[in-house]
1. Just for region 97-130: of the residues that are at positive phi and open to solvent by less than 40 Å² (accessible area, probe 1.4 Å), which one is nearest to the chain's Cα centre (by Cα)?
2. I'd like the full set of residues that are open to solvent by less than 10 Å² (accessible area, probe 1.4 Å), closer than 18 Å to Thr194 by Cα, aliphatic (A, V, I, L, M) and not in a loop (DSSP other than H, G, I, E, B), limited to region 131-179.
3. Looking at (1) buried (at least 20 other Cβ atoms within 10 Å of the Cβ); (2) in contact (Cβ under 8 Å) with a residue 60 or more places away in the chain, which is the only condition Val302 fails?
4. Do you know which residues across region 180-193 are in a strand (DSSP E or B), out of contact with any helix residue (DSSP H, G or I) (no Cβ under 9 Å at 6 or more places or on another chain) and hydrophobic (A, V, I, L, M, F, W, C)?
5. Would you say Val319 is more than 19 Å from Asp414 (Cβ to Cβ) and open to solvent by less than 30 Å² (accessible area, probe 1.4 Å)?
6. Out of region 334-359, which residues are open to solvent by less than 40 Å² (accessible area, probe 1.4 Å), at pLDDT 90 or above and of a type outside the set (Gly, Ala, Ser)?
7. Out of all the residues in region 205-238, which are over 14 Å from the mean Cα position of the chain (by Cα) and among the acidic types (Asp, Glu)?
8. Restricting attention to region 67-75, does a residue exist that is open to solvent by 40 Å² or more (accessible area, probe 1.4 Å) and at pLDDT below 90?
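The values are calculated or read from the model by the stated rules, or taken from the named source; none is laboratory data. What you see is a predicted model, and the numbers here were worked out from it, not measured in a lab. In this analysis, Cβ positions are derived from the backbone assuming ideal geometry, glycine residues included, and neighbour counts consider all displayed protein chains. Heads up: the accessible areas ignore ligands, DNA and RNA and are worked out on the full protein's heavy atoms, side chains in. Shrake-Rupley method; radii C 1.70, N 1.55, O 1.52, S 1.80 Å.
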Amino acid sequence: MVTLPVSMPSTAVRSSSTLEAWTGDLIASLPPATGPLAPLQEQARAALSELPAPHRRQENWRFTDPALLAATSPRLLRPEQAAGTASAHLCLRLDGSADPLDGVALPAGLEPIAGAELHQRLGAVLEATGCAHHWLTQLNQAAAQQVLALRVSGVVASPLELLLPAGASDGLLPLRVLLLLEDGAELELLQVHTASGASATSLVLEAHLGRGARLRHGLLAQGHAQASLLAQCAYVQESGSDLSVVSGCAGWGLLRLEPRVNQRDGAAHTSLRGLQRVIDRQIADTHSQVTFSGPDGQLEQVHKAVADGQARSVFNGAVRVPRQAQRTNASQISRNLLLSDRARIDTKPELEIVADDVRCAHGATVSRLQQDELFYLQSRGIAADQAARLLQRAFCEEVLRELPAIAAAWRPIDRLLGEA
């Protein structure tokens, strides 16, 4: 195979240098490293000064311009006053500053992790999934002041909801979450990201699932045209565990979502379902990676995107099946809906298979609204614009209906389609 050099536009060079300058200004503005995260902060700040910032000459960023991130003020976002929240389940608000567990009575099955164990566990899942030294991870570790660290034991009867509001202020909101599910533990988690102004949210989430553990993780993110969301979600699964991750994202000027899964000994089940909707000049980029490090693993992955205006949607889904991962059963599909001649969708499902006894399949489709379906609805007296919205809702519903039940209060389908 012959590889030809690709000449990138000079804007890629300018955006890279601008983002590196932004990173330097951010590090200079950060308060001195203190508290339980101080060692990580110091290490990451030193690493950031050496790491090249993401730019479009890098393969993983070649379709995604991070210029909007560099337009954010290089300082920590000041949390806005929290409004009271009443719910029948545990609801925690993460603002990057205050301790989210302060004054909170945790239900049976949840307990905080602190001290030596916290230092030992932080970063272990990131290392196991190969993203501990990524720029996005180091950015978060350099700035994060707090971490929500929870041990899950047994079956947690009530779902856990995390509110992560960036508000309307300008700046960076770094958020860190660590979940350790013991053998046989079960948890239902919904995290809700919102932004109403020019801000940047950086999330690093680590989850370790013990043998036979079950985690149902929903991520609902409704942003702003001048806001960025950079989310690194890493999971390690032991044998017999079951992981379900469902994400629905819309409204962000720049969205970068990187779910990474490592089935450490195989014989686990993973389900990944994602939906991203982009309009105007928004960019949404999902880079996922699932690695089977043992035999008899299973994967079901469905990624969907809706692109309109001059927006761009990117999906790169990597599945790694080394020789020891015999009898792996993996399915990956990317389905995309293009609503404008000027919108772009770049999708690349990829399989890397070394094992010889596997059942693996992948595929990708990019289509428009079907004229025969529109005609059928219009022939029943439904206006053309309403018929188009109904077809979009049906397209999105396949993913969003898998969100945890408590997500219904957020009206996810209406929010993501801009109808709320």
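1. If we take residues in region 97-130 being at positive phi and open to solvent by less than 40 Å² (accessible area, probe 1.4 Å), then Gly123 is nearest to the chain's Cα centre (by Cα).
2. Answer for region 131-179, where residues must be open to solvent by less than 10 Å² (accessible area, probe 1.4 Å), closer than 18 Å to Thr194 by Cα, aliphatic (A, V, I, L, M) and not in a loop (DSSP other than H, G, I, E, B): Leu160, Leu162, Leu164, Leu172, Leu173, Leu175, Val177.
3. Only one criterion is unmet by Val302, namely (1).
4. Applying the first criterion (in a strand (DSSP E or B)) to region 180-193 yields 180-181, 186-193.
Subset that is out of contact with any helix residue (DSSP H, G or I) (no Cβ under 9 Å at 6 or more places or on another chain): 181, 186-187, 189, 191, 193.
Passing the criteria: Leu181, Leu187, Leu189.
5. The answer is yes for Val319.
6. Asn336, Leu337, Leu338, Ile345, Asp346
7. So in region 205-238, the residues over 14 Å from the mean Cα position of the chain (by Cα) come out as 208-216, 224-227, 236-238.
Selection gives Glu238 alone.
8. No, region 67-75 has no match at all.
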